[in-house]
Amino acid sequence: MIKKLKGVVIGAGYFSKFQYEAWTRIPEVEITALCNSDVDRATIIMNSYGIKKHYTDYKEMILKEKPDFVDIITPPETHYEMCLFAADQGVHIICQKPLAPSYEESKKIVDHVKKKGVRFVVHENFRFQPWHREIKKIIDQGELGDLFNLNFRSRMGDGWGKDAYLARQPYFRDYEKLLIYETGVHYIDTFRYHAGEVKSVYAILKKLNPVIKGEDAAMMILNFENDAHAVWDANRYNENNFIKSRYTFGEYLIDGSKGSLRLYSNGKITVQKLGDIEKEHFYVHNDVGFAGDCCYIFQRDCIDKFISGKPFETNGQNYLKTLQIQDAVYESSKMNASITIR
């Protein structure tokens, strides 16, 4: 008999369905309850994913359910209080990104959970997209040689017009910081996953749609300790021509001393060695859930590491490095200067 870890979840918003569904496929986990203030929304989640209990007060839920872990899927401004309360009860924590509205608040969370001795991981799932896992293997096997540059282009097309974001994530309209804070942070983390630690940053940020508050376009350049560099060329305004715009979220080119790797919008990976033709690299990826089933892959990895005691990839200390770079991107754009990561 598989020993089940007892989990509870806070939140029932737009994205949460991907995480709830993924938990149903992890046999070592039983989600016993969820918390959400909207009873109708909570009922839909309960009926869809077999969760038996609903609370409107997360503190009451944690105290009564006594879970092994809590999965927090709420807006970032709620995370500080929720993480501290869970940690004080000795409950392990999975927390959605953005971790907090500021680096300082994020660090307070990480320091507190460490002091309390609970396991903590940020739900950062882009590096768990199957193509990025496969690309990491190709890089680590030395097929590309020394990395020269990593170039990812994103055109999300959900941010043009006077009704931008209203259909899916209306709160985006009021974010003072949008594209880097909400989306670019994924690519900072993924570039770090592929190329290592960042030593400096330069960025140009713009607002293309006047009806929103924050930036929706970016040219972000990261320089790495191994002398590679990464470029994220992105905006949420212009549309792409992909069959499914939210599968890979763009196209990726990596150049190295032995050749180049390309990720296409349908998940296809090719490798072109110097002096040779482009050849497809075959691997398994499935159009399930969100972006290649990356929520399941992330959550599966979390539970494996809960059980084994091994460190999480996106643990608090690691993720603070990503958030430090995120802040440097905003500083660089403001100062129109390269910012060194200290």
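The values are calculated or read from the model by the stated rules, or taken from the named source; none is laboratory data. Note that the structure is a prediction, hence the values are computed from the model and not measured. Cβ: placed from backbone, ideal geometry, glycine included. Neighbour counts: every protein chain shown. Each accessible area value is taken on the protein alone, full model and side chains, heavy atoms only, with ligands, DNA and RNA left out. Shrake-Rupley method; radii C 1.70, N 1.55, O 1.52, S 1.80 Å.
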(message) Can you pull out every residue in the range 267-298 that is without any contact (Cβ under 8 Å) to a residue 24 or more places away in the chain and either of a type in the set (A, V, I, L, M) or assigned to a loop (DSSP other than H, G, I, E, B) (or both)?
(response) Lys268, Leu274, Gly275, Asp276, Ile277, Glu278, Phe282, Val288
(request) Could you give me the residue pairs with C-beta distances under 8 Å whose first residue belongs to the range 319-342 and is among the charged types (D, E, K, R), whose second residue is open to solvent by 40 Å² or more (accessible area, probe 1.4 Å) wherever it lies, and which are 6+ apart or on separate chains? (result) Lys321/Glu197; Asp327/Tyr103
(message) Given the criterion within 21 Å of Lys268 (Cα to Cα), of a type outside the set (Gly, Ala, Ser) and surrounded by 15 or more Cβ atoms within 10 Å (Cβ to Cβ), identify the matching residue among Leu147, Leu179.
(response) Leu147
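Residue-wise test of (1) at pLDDT below 95; (2) open to solvent by less than 30 Å² (accessible area, probe 1.4 Å); (3) closer than 25 Å to Ser245 by Cβ.
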| position | (1), (2), (3) |
| --- | --- |
| Phe306 | yes, no, no |
| Lys310 | no, no, no |
| Tyr319 | no, yes, no |
| Ile325 | no, yes, no |
(request) Could you tell me whether any residue of the range 25-48 is touching a helix residue (DSSP H, G or I) at 6+ places or on another chain (Cβ under 9 Å), assigned to a loop (DSSP other than H, G, I, E, B) and free of Cβ contacts under 8 Å to residues at least 40 places away in the same chain? (result) yes
(message) Going by what's in this entry, would Glu21 be described as in a helix (DSSP H, G or I), touching a residue at least 60 places away in the same chain (Cβ under 8 Å) and more than 23 Å from Val185 (Cβ to Cβ)?
(response) yes
(request) Name, by its number, the condition in (1) closer than 21 Å to Pro311 by Cβ; (2) touching a strand residue (DSSP E or B) at 6+ places or on another chain (Cβ under 7 Å); (3) part of a helix (DSSP H, G or I) that does not hold for Ile94. (result) (3)
(message) Can you confirm whether Tyr193 is over 22 Å from Thr74 (Cβ atoms), open to solvent by 10 Å² or more (accessible area, probe 1.4 Å), part of a helix (DSSP H, G or I) and at pLDDT 95 or above?
(response) yes
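Give me a count of the residues in the range 66-79 that are crowded, with 18+ Cβ neighbours inside 10 Å and either in a helix (DSSP H, G or I) or among the aliphatic types (A, V, I, L, M) (or both). Steps first, answer last, please.
If we filter the range 66-79 for residues that are crowded, with 18+ Cβ neighbours inside 10 Å, which is where we start, we get 67, 69-74, 76, 79.
Those left that are additionally either in a helix (DSSP H, G or I) or among the aliphatic types (A, V, I, L, M) (or both): 70, 72-73, 76, 79.
The number of residues fulfilling the criteria is 5.
Is there a residue being open to solvent by 40 Å² or more (accessible area, probe 1.4 Å) and assigned to a strand (DSSP E or B) anywhere in the range 256-266?
Here is the first cut: in the range 256-266, the residues open to solvent by 40 Å² or more (accessible area, probe 1.4 Å) are 257-258, 262, 264, 266.
Checking which are assigned to a strand (DSSP E or B) leaves us with 262.
For the range 256-266, residues open to solvent by 40 Å² or more (accessible area, probe 1.4 Å) and assigned to a strand (DSSP E or B): present.
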(message) Among (1) at positive phi; (2) open to solvent by less than 30 Å² (accessible area, probe 1.4 Å); (3) in contact with a helix residue (DSSP H, G or I) (Cβ under 6 Å, 6 or more places away or on another chain), there is one condition Gly289 misses while meeting the rest; what is its number?
(response) (2)
(request) Tell me which residues, restricted to the range 234-284, are among the aliphatic types (A, V, I, L, M), more than 11 Å from Trp131 (Cα to Cα) and touching a Leu at 6+ places or on another chain (Cβ under 9 Å). (result) Ala234, Leu253, Ile254, Leu261, Val271
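Return the residues of the range 327-342 that are part of a helix (DSSP H, G or I) and surrounded by 16 or more Cβ atoms within 10 Å (Cβ to Cβ); say none if nothing qualifies.
Here is the first cut: in the range 327-342, the residues part of a helix (DSSP H, G or I) are 327-335.
Matches in the range 327-342: Asp327, Ala328, Val329, Tyr330, Ser332, Ser333.
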(request) Among the residues of the range 230-249, count how many are crowded, with 20+ Cβ neighbours inside 10 Å and either out of contact with any Asp or Glu (no Cβ under 8 Å at 6 or more places or on another chain) or farther than 23 Å from Phe18 by Cβ (or both). (result) 7
(message) Residue pairs, Cβ under 7 Å, 6 or more apart or interchain, first in the range 122-140 and under 11 Å from Thr314 (Cα atoms), second open to solvent by 10 Å² or more (accessible area, probe 1.4 Å) and β-branched (Val, Ile, Thr). List them.
(response) Phe128/Ile297
(message) What's the number of the only condition in (1) open to solvent by 40 Å² or more (accessible area, probe 1.4 Å); (2) out of contact with any Lys or Arg (no Cβ under 7 Å at 6 or more places or on another chain) that Lys273 fails to meet?
(response) (2)
